[in-house]
Amino acid sequence: MIEKKIEDKLNAELDSPKIFIQDMTGTNDHFNVIIISDSFKGLSLIEQHRKVYKILSDMVTKEIHALQLKTLTQEQWKKED
């Protein structure tokens, strides 16, 4: 349920994202999230993560206690394949 809420928020704010969410502990509050979106073009890694944290700000520390992020543009994602 939390994963769906995270995904919905990111889908609403980012440009055509591909989102992969993993509950790291089974407790629904520690997540590993990979986000591929061209919304990250031209942003530093810190700026990309800040953008995600801003989108999820109402959930962080309340519903999300730990968030491990990996953010990539579509081009960067294709290079990793």
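Bear in mind these aren't lab numbers, they're just calculated from the coordinates by the rules spelled out. Note that the coordinates shown come from a computational prediction; the quantities given were computed from them, not determined experimentally. Reconstructed Cβ throughout: ideal geometry from the backbone, glycine too, with neighbour counts over all protein chains shown.
When both residues are 6+ apart or on different chains and their Cβ atoms are under 6 Å apart, which pairs have a first residue that lies in region 13-24 and is closer than 18 Å to SER57 by Cα, and a second that is acidic (Asp, Glu)?
Correct list of pairs: ILE19/GLU7; ILE21/GLU3.
Residue check, ASN32 against (1) of a type outside the set (Phe, Trp, Tyr); (2) at positive phi; (3) touching a residue at least 24 places away in the same chain (Cβ under 8 Å), all met but one. Which one?
So ASN32 meets the others, but not (2).
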